[in-house]
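Just below is one structure, and these are the notes that go with it.
The values are calculated or read from the model by the stated rules, or taken from the named source; none is laboratory data. In this text the structure is predicted, and so the values were computed from the model without any measurement. Positions of Cβ are generated from backbone atoms using ideal geometry, with glycine treated the same way; all protein chains shown enter the neighbour counts. Please note that ligands, DNA and RNA were not included when accessible areas were found on the heavy atoms of the full protein model with its side chains. Shrake-Rupley method; radii C 1.70, N 1.55, O 1.52, S 1.80 Å.
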Amino acid sequence: MKDRTLQIARAVIASQMNYWILFTLAVTVMGIAGSQEAPQMWRWGLFCLVPLIYLYFRLRERFWLCFAGHLATAAFFCWLPFGNSMDRIFSVCFVIGFFIYSFVLRGSKKNILESPIQPVAAVGLAAGGLFLNNAQGQEGMGIYYLVPVLVFLGLYFIYRYLENFSSFLVANDSSAGKMPQGEIFRCGILLVSAFSVGGVGLMALFSGTSILSDILTVVRNILVWILRFLFRNTPETEIVDEAVDEAVSSSSDLTGLEGGEPFWFWEVLEKIVMVLMVVGLSVLAVYGLYRLAKYLYQHFSDVALPQGMDQELRTDRREKCAIEKSKKSGRTFAFGALGVRERIRRIYKKEVWNGRQSLVEEGNAAEGLKTMTARECGRGLSKPELAAIYEKARYSGEPISAEDVKTARAAARGNL
(Lines give C-alpha, C1' and ligand atoms only; values in the text may rest on other atoms or scores of the structure.)
Protein backbone atom coordinates (compact mmCIF):
# COMPACT_ATOMS: atom_id res chain seq x y z
CA MET A 1 0.00 0.00 0.00
CA LYS A 2 1.59 3.25 -1.15
CA ASP A 3 1.18 6.46 0.80
CA ARG A 4 0.41 8.38 -2.41
CA THR A 5 -2.57 6.11 -3.07
CA LEU A 6 -3.84 6.70 0.46
CA GLN A 7 -3.52 10.46 0.02
CA ILE A 8 -5.57 10.41 -3.18
CA ALA A 9 -8.19 8.18 -1.54
CA ARG A 10 -8.44 10.60 1.37
CA ALA A 11 -8.79 13.52 -1.06
CA VAL A 12 -11.64 11.74 -2.86
CA ILE A 13 -13.46 11.10 0.42
CA ALA A 14 -12.84 14.66 1.65
CA SER A 15 -14.23 16.15 -1.56
CA GLN A 16 -17.50 14.24 -1.13
CA MET A 17 -17.77 15.12 2.55
CA ASN A 18 -17.35 18.83 1.79
CA TYR A 19 -19.70 18.72 -1.19
CA TRP A 20 -22.66 17.28 0.70
CA ILE A 21 -22.25 19.61 3.67
CA LEU A 22 -22.11 22.58 1.30
CA PHE A 23 -25.26 21.18 -0.31
CA THR A 24 -27.11 21.74 3.00
CA LEU A 25 -25.93 25.36 2.89
CA ALA A 26 -27.37 25.68 -0.63
CA VAL A 27 -30.69 24.23 0.55
CA THR A 28 -30.77 26.73 3.42
CA VAL A 29 -30.09 29.71 1.16
CA MET A 30 -32.71 28.53 -1.32
CA GLY A 31 -35.23 28.32 1.51
CA ILE A 32 -34.39 31.82 2.75
CA ALA A 33 -34.67 33.11 -0.84
CA GLY A 34 -38.26 31.86 -0.89
CA SER A 35 -37.95 28.85 -3.18
CA GLN A 36 -41.05 26.65 -2.91
CA GLU A 37 -39.65 23.76 -4.95
CA ALA A 38 -37.59 20.98 -3.41
CA PRO A 39 -34.08 20.33 -4.76
CA GLN A 40 -33.77 17.54 -7.29
CA MET A 41 -31.53 15.05 -5.50
CA TRP A 42 -30.59 13.01 -8.55
CA ARG A 43 -29.22 16.11 -10.26
CA TRP A 44 -27.29 17.18 -7.20
CA GLY A 45 -26.02 13.63 -6.92
CA LEU A 46 -24.72 13.94 -10.49
CA PHE A 47 -22.93 17.17 -9.60
CA CYS A 48 -20.95 15.43 -6.84
CA LEU A 49 -18.72 14.24 -9.71
CA VAL A 50 -17.49 17.81 -10.26
CA PRO A 51 -14.94 17.90 -7.38
CA LEU A 52 -13.75 14.40 -8.34
CA ILE A 53 -13.09 15.42 -11.96
CA TYR A 54 -11.37 18.58 -10.77
CA LEU A 55 -9.18 16.45 -8.51
CA TYR A 56 -8.19 14.24 -11.46
CA PHE A 57 -7.08 17.19 -13.58
CA ARG A 58 -5.48 18.97 -10.62
CA LEU A 59 -3.03 16.10 -10.29
CA ARG A 60 -1.83 16.54 -13.90
CA GLU A 61 1.65 18.03 -14.21
CA ARG A 62 1.09 20.05 -17.39
CA PHE A 63 -0.68 23.32 -16.82
CA TRP A 64 -2.53 23.41 -20.15
CA LEU A 65 -4.02 19.95 -19.52
CA CYS A 66 -5.07 20.94 -16.00
CA PHE A 67 -6.66 24.20 -17.15
CA ALA A 68 -8.36 22.68 -20.21
CA GLY A 69 -9.81 19.84 -18.13
CA HIS A 70 -11.18 22.23 -15.52
CA LEU A 71 -12.65 24.51 -18.16
CA ALA A 72 -14.30 21.67 -20.10
CA THR A 73 -15.76 20.18 -16.92
CA ALA A 74 -17.16 23.53 -15.80
CA ALA A 75 -18.66 24.23 -19.22
CA PHE A 76 -20.30 20.80 -19.46
CA PHE A 77 -21.93 20.86 -16.02
CA CYS A 78 -23.05 24.47 -16.39
CA TRP A 79 -24.70 23.51 -19.67
CA LEU A 80 -26.76 20.69 -18.13
CA PRO A 81 -30.46 21.66 -17.92
CA PHE A 82 -32.17 21.93 -14.54
CA GLY A 83 -35.84 21.78 -13.60
CA ASN A 84 -36.03 25.12 -11.82
CA SER A 85 -34.05 28.33 -11.78
CA MET A 86 -32.88 28.02 -8.17
CA ASP A 87 -31.27 24.64 -8.79
CA ARG A 88 -29.56 25.97 -11.88
CA ILE A 89 -28.22 29.10 -10.17
CA PHE A 90 -26.80 27.25 -7.20
CA SER A 91 -25.40 24.40 -9.29
CA VAL A 92 -23.49 26.92 -11.42
CA CYS A 93 -22.23 28.59 -8.23
CA PHE A 94 -21.01 25.21 -7.01
CA VAL A 95 -19.18 24.51 -10.27
CA ILE A 96 -17.50 27.94 -10.30
CA GLY A 97 -16.68 27.80 -6.60
CA PHE A 98 -15.03 24.38 -6.83
CA PHE A 99 -13.23 25.58 -9.99
CA ILE A 100 -11.60 28.47 -8.09
CA TYR A 101 -10.89 26.34 -5.02
CA SER A 102 -9.24 23.66 -7.14
CA PHE A 103 -6.83 26.16 -8.68
CA VAL A 104 -6.10 27.66 -5.25
CA LEU A 105 -5.10 24.17 -4.09
CA ARG A 106 -3.09 23.65 -7.28
CA GLY A 107 -1.06 26.76 -6.55
CA SER A 108 -0.44 25.72 -2.96
CA LYS A 109 3.12 24.71 -2.22
CA LYS A 110 2.21 22.59 0.83
CA ASN A 111 -0.61 20.29 -0.26
CA ILE A 112 -2.73 20.28 -3.40
CA LEU A 113 -5.16 17.72 -1.97
CA GLU A 114 -8.39 18.58 -0.22
CA SER A 115 -9.08 18.35 3.51
CA PRO A 116 -12.54 17.78 5.02
CA ILE A 117 -14.59 20.22 7.05
CA GLN A 118 -14.38 19.59 10.78
CA PRO A 119 -17.29 17.42 12.06
CA VAL A 120 -18.44 20.00 14.62
CA ALA A 121 -18.65 22.71 11.97
CA ALA A 122 -20.35 20.36 9.48
CA VAL A 123 -23.05 19.17 11.88
CA GLY A 124 -23.55 22.69 13.24
CA LEU A 125 -23.97 24.07 9.72
CA ALA A 126 -26.58 21.43 8.84
CA ALA A 127 -28.43 21.83 12.16
CA GLY A 128 -28.51 25.62 11.82
CA GLY A 129 -29.79 25.34 8.26
CA LEU A 130 -32.55 22.94 9.27
CA PHE A 131 -33.59 25.30 12.06
CA LEU A 132 -33.83 28.23 9.65
CA ASN A 133 -35.83 26.18 7.15
CA ASN A 134 -38.31 25.12 9.83
CA ALA A 135 -38.57 28.70 11.00
CA GLN A 136 -39.52 29.69 7.44
CA GLY A 137 -42.43 27.24 7.62
CA GLN A 138 -41.06 24.81 5.01
CA GLU A 139 -42.05 21.29 5.96
CA GLY A 140 -40.55 18.05 4.75
CA MET A 141 -37.03 19.48 4.25
CA GLY A 142 -35.40 17.38 6.95
CA ILE A 143 -34.40 14.66 4.50
CA TYR A 144 -32.18 17.13 2.61
CA TYR A 145 -30.17 17.69 5.78
CA LEU A 146 -30.30 14.21 7.23
CA VAL A 147 -28.86 12.38 4.22
CA PRO A 148 -25.82 14.68 3.75
CA VAL A 149 -24.98 14.51 7.47
CA LEU A 150 -25.21 10.72 7.44
CA VAL A 151 -22.98 10.56 4.37
CA PHE A 152 -20.49 12.92 6.05
CA LEU A 153 -20.35 10.94 9.29
CA GLY A 154 -20.07 7.62 7.47
CA LEU A 155 -17.16 8.81 5.35
CA TYR A 156 -15.47 10.61 8.24
CA PHE A 157 -14.52 7.39 10.06
CA ILE A 158 -13.05 5.93 6.87
CA TYR A 159 -11.09 9.14 6.26
CA ARG A 160 -9.69 9.10 9.78
CA TYR A 161 -8.65 5.46 9.42
CA LEU A 162 -6.77 6.18 6.20
CA GLU A 163 -5.09 9.17 7.84
CA ASN A 164 -3.94 7.11 10.81
CA PHE A 165 -2.81 4.28 8.55
CA SER A 166 -0.61 6.75 6.63
CA SER A 167 1.08 7.66 9.92
CA PHE A 168 1.56 3.96 10.60
CA LEU A 169 3.27 3.50 7.22
CA VAL A 170 5.76 6.25 8.05
CA ALA A 171 6.56 4.67 11.41
CA ASN A 172 6.77 1.19 9.90
CA ASP A 173 9.16 2.25 7.14
CA SER A 174 11.49 3.93 9.63
CA SER A 175 11.64 0.94 12.00
CA ALA A 176 14.01 -2.02 11.84
CA GLY A 177 11.23 -4.63 11.85
CA LYS A 178 8.51 -4.73 9.23
CA MET A 179 4.85 -5.47 9.87
CA PRO A 180 2.45 -6.88 7.25
CA GLN A 181 0.93 -3.65 5.95
CA GLY A 182 -1.50 -5.25 3.51
CA GLU A 183 -3.11 -7.56 6.06
CA ILE A 184 -3.40 -4.80 8.65
CA PHE A 185 -5.03 -2.47 6.12
CA ARG A 186 -7.53 -5.08 4.91
CA CYS A 187 -8.61 -6.05 8.43
CA GLY A 188 -8.90 -2.44 9.55
CA ILE A 189 -10.78 -1.14 6.53
CA LEU A 190 -13.32 -3.96 6.79
CA LEU A 191 -14.02 -3.17 10.44
CA VAL A 192 -14.24 0.57 9.84
CA SER A 193 -16.51 0.12 6.81
CA ALA A 194 -18.81 -2.22 8.73
CA PHE A 195 -18.93 0.21 11.64
CA SER A 196 -19.64 3.17 9.34
CA VAL A 197 -22.35 1.41 7.34
CA GLY A 198 -23.94 -0.07 10.45
CA GLY A 199 -23.87 3.22 12.35
CA VAL A 200 -25.29 5.20 9.45
CA GLY A 201 -27.97 2.54 8.94
CA LEU A 202 -29.04 2.71 12.59
CA MET A 203 -29.16 6.51 12.52
CA ALA A 204 -31.24 6.40 9.35
CA LEU A 205 -33.52 3.78 10.91
CA PHE A 206 -34.20 5.74 14.07
CA SER A 207 -34.51 9.07 12.29
CA GLY A 208 -38.05 8.19 11.15
CA THR A 209 -40.62 8.98 13.85
CA SER A 210 -43.02 6.32 12.57
CA ILE A 211 -40.45 3.56 12.98
CA LEU A 212 -39.50 4.86 16.40
CA SER A 213 -43.16 5.01 17.39
CA ASP A 214 -43.65 1.36 16.38
CA ILE A 215 -40.64 0.30 18.43
CA LEU A 216 -41.89 2.22 21.47
CA THR A 217 -45.32 0.63 21.03
CA VAL A 218 -43.78 -2.84 21.21
CA VAL A 219 -41.86 -1.86 24.34
CA ARG A 220 -45.05 -0.48 25.88
CA ASN A 221 -46.99 -3.70 25.20
CA ILE A 222 -44.23 -5.76 26.78
CA LEU A 223 -44.33 -3.59 29.91
CA VAL A 224 -48.14 -3.85 30.07
CA TRP A 225 -47.94 -7.65 29.82
CA ILE A 226 -45.35 -7.75 32.61
CA LEU A 227 -47.52 -5.58 34.90
CA ARG A 228 -50.59 -7.70 34.32
CA PHE A 229 -48.59 -10.87 34.90
CA LEU A 230 -47.21 -9.59 38.22
CA PHE A 231 -50.62 -8.47 39.55
CA ARG A 232 -52.75 -11.28 38.11
CA ASN A 233 -53.57 -12.95 41.50
CA THR A 234 -53.91 -9.81 43.63
CA PRO A 235 -57.15 -8.10 44.75
CA GLU A 236 -56.11 -4.97 42.89
CA THR A 237 -56.15 -6.70 39.50
CA GLU A 238 -59.14 -4.74 38.22
CA ILE A 239 -57.65 -1.42 39.39
CA VAL A 240 -54.36 -2.23 37.62
CA ASP A 241 -56.21 -3.17 34.41
CA GLU A 242 -58.15 0.09 34.42
CA ALA A 243 -54.97 2.13 35.00
CA VAL A 244 -53.15 0.28 32.20
CA ASP A 245 -56.03 0.73 29.75
CA GLU A 246 -56.20 4.43 30.55
CA ALA A 247 -52.44 4.81 30.03
CA VAL A 248 -52.59 2.94 26.73
CA SER A 249 -55.47 5.02 25.40
CA SER A 250 -53.74 8.29 26.36
CA SER A 251 -50.48 7.32 24.66
CA SER A 252 -51.67 6.16 21.26
CA ASP A 253 -49.10 8.41 19.58
CA LEU A 254 -45.87 8.22 21.56
CA THR A 255 -44.00 10.73 19.46
CA GLY A 256 -46.68 13.25 18.54
CA LEU A 257 -46.61 16.81 19.81
CA GLU A 258 -49.53 19.14 20.18
CA GLY A 259 -49.69 21.98 17.69
CA GLY A 260 -50.31 25.60 18.46
CA GLU A 261 -48.93 29.11 18.19
CA PRO A 262 -45.16 29.30 18.70
CA PHE A 263 -43.85 30.85 21.89
CA TRP A 264 -42.59 34.44 21.51
CA PHE A 265 -39.09 33.40 22.58
CA TRP A 266 -38.71 31.18 19.50
CA GLU A 267 -39.79 33.99 17.18
CA VAL A 268 -37.15 36.32 18.68
CA LEU A 269 -34.55 33.56 18.51
CA GLU A 270 -35.44 33.00 14.85
CA LYS A 271 -34.80 36.68 14.03
CA ILE A 272 -31.50 36.69 15.93
CA VAL A 273 -30.28 33.54 14.18
CA MET A 274 -31.24 34.91 10.76
CA VAL A 275 -29.38 38.19 11.40
CA LEU A 276 -26.32 36.33 12.67
CA MET A 277 -26.47 34.02 9.65
CA VAL A 278 -26.52 36.93 7.20
CA VAL A 279 -23.74 38.77 9.03
CA GLY A 280 -21.65 35.61 9.28
CA LEU A 281 -22.01 34.82 5.59
CA SER A 282 -21.13 38.41 4.67
CA VAL A 283 -18.03 38.34 6.85
CA LEU A 284 -16.98 34.98 5.43
CA ALA A 285 -17.47 36.25 1.88
CA VAL A 286 -15.41 39.40 2.48
CA TYR A 287 -12.71 37.45 4.30
CA GLY A 288 -12.59 34.85 1.54
CA LEU A 289 -12.19 37.50 -1.15
CA TYR A 290 -9.45 39.17 0.90
CA ARG A 291 -7.53 35.92 1.36
CA LEU A 292 -7.92 35.05 -2.32
CA ALA A 293 -6.64 38.47 -3.42
CA LYS A 294 -3.75 38.25 -0.97
CA TYR A 295 -2.87 34.76 -2.13
CA LEU A 296 -2.92 35.72 -5.80
CA TYR A 297 -0.83 38.82 -5.09
CA GLN A 298 1.81 36.82 -3.22
CA HIS A 299 2.01 33.88 -5.61
CA PHE A 300 1.28 35.51 -8.96
CA SER A 301 4.94 35.96 -9.83
CA ASP A 302 6.10 32.62 -8.42
CA VAL A 303 7.89 30.49 -11.00
CA ALA A 304 8.52 26.78 -10.49
CA LEU A 305 12.28 26.19 -10.60
CA PRO A 306 13.85 23.01 -11.97
CA GLN A 307 15.03 20.51 -9.42
CA GLY A 308 18.36 21.55 -7.92
CA MET A 309 18.22 25.09 -9.25
CA ASP A 310 16.78 26.44 -6.01
CA GLN A 311 19.97 25.38 -4.24
CA GLU A 312 22.02 27.59 -6.55
CA LEU A 313 19.85 30.65 -5.91
CA ARG A 314 20.16 30.61 -2.14
CA THR A 315 21.39 33.85 -0.60
CA ASP A 316 25.07 33.97 0.28
CA ARG A 317 25.84 35.00 3.84
CA ARG A 318 28.99 36.92 2.81
CA GLU A 319 28.92 40.69 2.55
CA LYS A 320 27.96 42.29 -0.78
CA CYS A 321 29.26 45.57 -2.14
CA ALA A 322 25.92 47.39 -1.81
CA ILE A 323 24.47 48.35 1.54
CA GLU A 324 21.48 46.17 2.44
CA LYS A 325 18.66 46.87 4.82
CA SER A 326 18.89 44.76 7.95
CA LYS A 327 15.84 43.52 9.81
CA LYS A 328 17.94 43.29 12.97
CA SER A 329 18.19 47.04 13.33
CA GLY A 330 16.27 47.98 16.40
CA ARG A 331 15.63 51.58 15.31
CA THR A 332 14.05 53.31 12.33
CA PHE A 333 15.69 56.45 10.95
CA ALA A 334 14.05 59.13 8.87
CA PHE A 335 15.37 60.69 5.62
CA GLY A 336 17.38 57.57 4.75
CA ALA A 337 19.84 57.83 7.71
CA LEU A 338 21.70 54.61 8.47
CA GLY A 339 21.34 52.62 11.67
CA VAL A 340 24.25 51.67 13.86
CA ARG A 341 24.61 48.23 12.28
CA GLU A 342 24.65 49.65 8.76
CA ARG A 343 27.27 52.24 9.77
CA ILE A 344 29.63 49.55 11.06
CA ARG A 345 29.10 47.46 7.93
CA ARG A 346 29.77 50.48 5.75
CA ILE A 347 33.00 51.29 7.59
CA TYR A 348 34.15 47.68 7.22
CA LYS A 349 33.32 47.47 3.51
CA LYS A 350 35.05 50.76 2.82
CA GLU A 351 38.26 49.56 4.47
CA VAL A 352 38.13 46.18 2.71
CA TRP A 353 37.53 47.78 -0.67
CA ASN A 354 40.35 50.29 -0.21
CA GLY A 355 42.74 47.50 0.73
CA ARG A 356 41.57 45.02 -1.88
CA GLN A 357 44.91 45.06 -3.72
CA SER A 358 46.75 43.85 -0.63
CA LEU A 359 44.11 41.20 0.08
CA VAL A 360 43.85 39.83 -3.47
CA GLU A 361 47.17 39.99 -5.27
CA GLU A 362 46.16 38.23 -8.50
CA GLY A 363 43.02 38.20 -10.61
CA ASN A 364 39.80 40.09 -10.12
CA ALA A 365 39.77 41.71 -6.68
CA ALA A 366 35.94 41.81 -6.42
CA GLU A 367 35.65 38.10 -7.19
CA GLY A 368 38.49 37.26 -4.82
CA LEU A 369 36.86 39.11 -1.93
CA LYS A 370 33.75 36.95 -2.28
CA THR A 371 35.75 33.88 -1.23
CA MET A 372 37.20 35.48 1.93
CA THR A 373 35.67 35.65 5.38
CA ALA A 374 35.59 38.73 7.60
CA ARG A 375 38.33 37.40 9.85
CA GLU A 376 40.58 36.69 6.87
CA CYS A 377 40.08 40.23 5.63
CA GLY A 378 40.75 41.60 9.12
CA ARG A 379 44.01 39.68 9.42
CA GLY A 380 45.05 40.72 5.89
CA LEU A 381 44.48 44.40 6.74
CA SER A 382 46.02 44.01 10.21
CA LYS A 383 42.74 45.18 11.69
CA PRO A 384 41.25 42.16 13.50
CA GLU A 385 39.31 44.41 15.92
CA LEU A 386 37.37 45.90 13.00
CA ALA A 387 36.51 42.41 11.74
CA ALA A 388 35.31 41.37 15.21
CA ILE A 389 33.03 44.42 15.55
CA TYR A 390 31.72 43.82 12.00
CA GLU A 391 30.85 40.18 12.75
CA LYS A 392 28.99 41.29 15.86
CA ALA A 393 26.94 43.83 13.90
CA ARG A 394 26.43 41.63 10.83
CA TYR A 395 25.61 38.19 12.26
CA SER A 396 24.79 38.40 15.98
CA GLY A 397 21.57 39.44 17.63
CA GLU A 398 23.34 41.41 20.35
CA PRO A 399 22.45 45.11 20.75
CA ILE A 400 24.72 47.58 18.96
CA SER A 401 25.30 51.08 20.33
CA ALA A 402 26.91 54.31 19.13
CA GLU A 403 30.03 53.42 21.12
CA ASP A 404 30.51 50.39 18.86
CA VAL A 405 30.43 52.71 15.85
CA LYS A 406 33.15 54.86 17.42
CA THR A 407 35.20 51.76 18.16
CA ALA A 408 34.83 50.60 14.53
CA ARG A 409 36.02 54.00 13.26
CA ALA A 410 39.01 53.92 15.62
CA ALA A 411 39.86 50.37 14.47
CA ALA A 412 39.63 51.48 10.82
CA ARG A 413 42.13 54.31 11.51
CA GLY A 414 44.42 51.88 13.30
CA ASN A 415 44.06 53.60 16.67
CA LEU A 416 43.24 50.40 18.59
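A few remarks follow.
- Residue match in the stretch 151-162 (condition: assigned to a helix (DSSP H, G or I), surrounded by 15 or more Cβ atoms within 10 Å (Cβ to Cβ), at negative phi and at pLDDT below 85): no
- Beta carbons closer than 9 Å, at least 6 apart along the sequence or on distinct chains, pair a first residue in the stretch 369-380 that is open to solvent by less than 100 Å² (accessible area, probe 1.4 Å) with a second that is outside any helix (DSSP H, G or I) and at pLDDT 80 or above for C377/G355; C377/K383; G380/G355; G380/M372.
- Pairs with Cβ under 7 Å, 6+ apart, first in the stretch 390-416 and of a type in the set (S, T, N, Q), second open to solvent by less than 80 Å² (accessible area, probe 1.4 Å): S401/V340; T407/I389
- Residue count, the stretch 1-29 (criterion: open to solvent by 10 Å² or more (accessible area, probe 1.4 Å) and among the aliphatic types (A, V, I, L, M)): 8
- Within the stretch 103-138, restricting attention to residues that are small (G, A, S) and in contact (Cβ under 8 Å) with a residue 24 or more places away in the chain, the residue that is surrounded by the most Cβ atoms within 10 Å (Cβ to Cβ) is G129.
- Residue within the stretch 62-69 that is closer than 20 Å to A9 by Cα and open to solvent by 40 Å² or more (accessible area, probe 1.4 Å) present: no
- Tabulated pairs, the stretch 278-295, first open to solvent by less than 90 Å² (accessible area, probe 1.4 Å), second part of a helix (DSSP H, G or I), C-beta under 8 angstrom, 6+ apart or interchain: L292/I100; L292/V104; Y295/V104
- Assessment of the stretch 205-217 against the conditions (over 30 Å from L22 (Cα atoms), at pLDDT 70 or above and either open to solvent by less than 90 Å² (accessible area, probe 1.4 Å) or assigned to a helix (DSSP H, G or I) (or both)) yields no matching residue.
- The lone exception for F63 - which of (1) at pLDDT below 85; (2) closer than 28 Å to Q138 by Cβ it fails: (2)
- Each residue in the stretch 388-412 was checked for being closer than 14 Å to E342 by Cα and open to solvent by less than 40 Å² (accessible area, probe 1.4 Å), and 9 pass.
- Candidates S115, S108, S167, filtered to the one that is modelled with pLDDT under 85, in a helix (DSSP H, G or I) and small (G, A, S): S167
- For the stretch 167-177, the criterion of a residue being under 22 Å from the mean Cα position of the chain (by Cα) and open to solvent by 40 Å² or more (accessible area, probe 1.4 Å) is satisfied by at least one position.
- Taking the criterion of being over 24 Å from the mean Cα position of the chain (by Cα) and touching a residue at least 24 places away in the same chain (Cβ under 8 Å), the only residue of the stretch 143-158 that qualifies is Y144.
- Any chance R43 is surrounded by 22 or more Cβ atoms within 10 Å (Cβ to Cβ) and either outside any helix (DSSP H, G or I) or in contact (Cβ under 8 Å) with a residue 12 or more places away in the chain (or both): no
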